[in-house]
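Report on the structure given below.
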Amino acid sequence: QKEVEQNSGPLSVPEGAIASLNCTYSDRVSQSFFWYRQYSGKSPELIMSIYSNGDKEDGRFTAQLNKASQYVSLLIRDSQPSDSATYLCAVYGGSQGNLIFGKGTKLSVKP
Amino acid sequence: NAGVTQTPKFQVLKTGQSMTLQCAQDMNHNSMYWYRQDPGMGLRLIYYSASEGTTDKGEVPNGYNVSRLNKREFSLRLESAAPSQTSVYFCATLLGVNTIYFGEGSWLTVV
């Protein structure tokens, strides 16, 4: 079974700080990588997608991908209390051809 | 969550009863997925369908059956519900390799 691993947290950061969320995956042939944010009682919403090595920036969010190390990260700059949520890493493709999620990291941003 | 509709949103079942969760999408996506989400377990794939008429098992298929009779609909059936199937169920669709949409979720309690 191919795996996607995340630290469960909780990760606590002060308002205005940078939050760093990490994810590793086991299937080397994976093609696409996603970060989702999920508020309690709601469905996941897509924040970022990344497909090639390097950084991808969108507003306060930066996704980083290193396929050689099988590592994906999400940086949230100027963290806000509204960023408090569970962040899910998802990996698509690979030998099974489906979308696999990590267990999520709970982020808490303190005012 | 526009475009992916799940029904019902809430359901209480007695052990041994059967029911079907319905998922419909109006975005003409090929791939559809059923996940369950339990506290601390993240999203676990039950079944997926890469195209109309095809289905494949995911990580936790036992106790479930699925049906993809057309491109628009993907249903999940519990033939004999068990308390271990108490969970939140999410349907999702994938377009290509970079666009994923979730339904709003179905909260199922088996007593």
Assigned charges on the beta-carbon of Lys, Arg, Asp, Glu; chain A dipole about Cα centre (debye): 160
Cross-link pairs beyond the 31 Å C-alpha cut-off, checked among A:Lys56/A:Lys103; B:Lys9/B:Lys71; A:Lys56/A:Lys110: none
Heavy-atom accessible area ranking, 1.4 Å probe, most first, across B:Tyr101, A:Tyr92: B:Tyr101, A:Tyr92
Expected-Rg normalisation [2.2 N^0.38 Å, Cα atoms] applied to segment B:25-68: 1.22
Cα-centred dipole magnitude for chain B, charges only on beta-carbon of K, R (+1) and D, E (-1), debye, nearest 20: 120
Contour minus Cα-Cα distance for A:Gln31 and A:Ser52 (0.36 nm per residue): 6.7 nm
Segment B:42-111-segment A:63-83 distance, computed between alpha-carbon centres (Å): 28
Heavy atoms of B:Val12: accessible area, 1.4 Å probe, square angstrom to 10: 100
Extreme residue, positive dipole direction of the protein assembly as shown, given options B:Val111, B:Leu69, B:Ile46 (C-beta unit charges): B:Val111
Peptide A:101-108 - average C-beta neighbours from other chains (10 Å radius): 3
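The values are calculated or read from the model by the stated rules, or taken from the named source; none is laboratory data. A quick note: this is a predicted structure, and the numbers were derived from the prediction, not measured. Ideal geometry is used to build each Cβ from the backbone, glycine not excepted, and the neighbour counts take in all protein chains shown. Note: accessible area is taken over every heavy atom of the protein model, side chains too, but ligands, DNA and RNA are not part of it. Shrake-Rupley method; radii C 1.70, N 1.55, O 1.52, S 1.80 Å.
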